[in-house]
Amino acid sequence: LVRPPNFRGHEFGKIKLTTVYHLGSYYANGDIAGSMELMNMTLYNSFGIEVDHNFEVDFDIFMKVIDLMGGVTVNLTQEESDYLNAADDWVCYDTQPGWWHLDGSGALAYARMRKAEGDNDSDIKRTARQRHLIESILFHAKQMSLSDLNKIVDEVLPMITTSMTSSEITDLLMKMLPILPELTMESGGTCPVQDTYWGSEKDIYGDGMYHSVLEFEPGQQKKLMRAITEGEIS
């Protein structure tokens, strides 16, 4: 649960982080920039995380990027493989445990999975899968030529909503693409930081319905996030 700061004359109690994005747009008269603004303010208010720029990628664009890359390879557990094989809506059939190549729809099903057998801490498990998927995307991107990567960027970028200007995007790509082969993910983790949050059941919307949520102490999180970003802990 997070507590967003006052936003355009509105005050908030504790709500789920996923609700913040919707409320930002709602109180900005449908403008997605309001979602990005309120989310950035909330991340800073709750964790001390400063966001420089925002990108919004919908499911269709996500699948398109994966397919343009030729798919990605992930290491599936037996439970994850069983879940994907049963997920008829995602048209992802006949996977096996171990390293498996997924197309866009399969990668999306994997990224959204949180109900595989054994997923007791479902949101934490899901974000762990998403980090694994990002590692795979980075690995596959590093095998591609700069010209092929540029083609993907040229095709996909017009479909993405971002807070960056065209010149800022161009400058970033000019810096990032040449060093892509050397990029690595040294470490990753949860936010809130692992072992510093606890689960509870709360009626967060005042409708008599109780929801499973994670709670944490913001002051502690800000100190831990600062230590992580400054390299004091990993």
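The values are calculated or read from the model by the stated rules, or taken from the named source; none is laboratory data. Computed from a prediction, not measured in an experiment: that's the story for all the values here. Here the Cβ is made from the backbone with ideal geometry for all residues, glycine too, and neighbour counts use every protein chain on show. Areas reflect the complete protein model, heavy atoms only, side chains present, ligands, DNA and RNA absent. Shrake-Rupley method; radii C 1.70, N 1.55, O 1.52, S 1.80 Å.
Shape verdict for the range 137-182, please, from the Cα gyration tensor: rounded (a/c under 1.5), prolate (a/b greater than b/c) or oblate. Cα axes put the range 137-182 in the prolate bin. For the range 34-139, GluC sites (Glu not before Pro) meeting the loop criterion (DSSP other than H, G, I, E, B) and having at most 15 other Cβ atoms within 10 Å: Glu50, Glu117. On a per residue basis, the chain carries 60 Å² of accessible surface, using protein heavy atoms and a 1.4 Å probe. Net charge dipole, the chain: roughly 460 debye, given to the nearest 20, about the Cα centre with Cβ charges of +1 for Lys and Arg and -1 for Asp and Glu. Computed from label points 7 Å out along Cα-Cβ, the spacing between Tyr44 and Leu177 is 3.2 nm.
The accessible surface of the range 1-160, taken with every protein chain in place and a 1.4 Å probe, is 50 percent carbon and sulfur. Within the listed set Thr184, Thr42, Thr95, the residue fluctuating most in the Gaussian network model of the chain (springs between alpha-carbon atoms under 10 angstrom) is Thr184. Sorting Ser187, Ser145, Ser81, Ser200 on solvent-accessible area from highest to lowest, probe radius 1.4 Å, gives Ser187, Ser145, Ser200, Ser81. Using a Gaussian network for the chain with springs between C-alpha atoms less than 10 Å apart, which of these wobbles most: Gly206, Gly98, Gly118? Sorting by GNM fluctuation, first place goes to Gly206.
Which pairs break 26 Å Cα to Cα here: Lys142/Lys175; Lys16/Lys125; Lys16/Lys222; Lys125/Lys151; Lys14/Lys223? Flagged as over cut-off: Lys125/Lys151. Which residue, Met41, Met209, Met63, has the most motion in a Gaussian network model of the chain that connects Cα atoms within less than 10 Å? Among Met41, Met209, Met63, the largest GNM mean-square fluctuation belongs to Met209. Other residues within the sphere of radius under 15 Å centred on the Cβ of Ser35, judged by their own Cβ, net out at -2 (K and R +1, D and E -1). Distance from the Cα centroid of the range 162-204 to that of the range 10-69 is 13 Å (rounded to whole angstrom). Full extension of the chain segment joining Arg8 with Ala227 gains 75.7 nm, where the gain is 0.36 nm per residue of separation less the Cα-Cα distance.
Classify the chain: rounded, prolate or oblate, from the alpha-carbon gyration tensor (a ≥ b ≥ c, eigenvalue square roots; a/c under 1.5 rounded; otherwise prolate if a/b is larger than b/c)? Judged from the Cα gyration tensor, the chain comes out oblate (a/c at least 1.5, b/c at or above a/b). Taking a ≥ b ≥ c as the square roots of the eigenvalues of the Cα gyration tensor, the range 63-195 is prolate, since a/c reaches 1.5 or more and a/b is larger than b/c.
Simple spin-label estimate for Thr184 and Tyr205 gives 4.5 nm between the two label positions (7 Å along the Cα-to-Cβ direction from each Cα).
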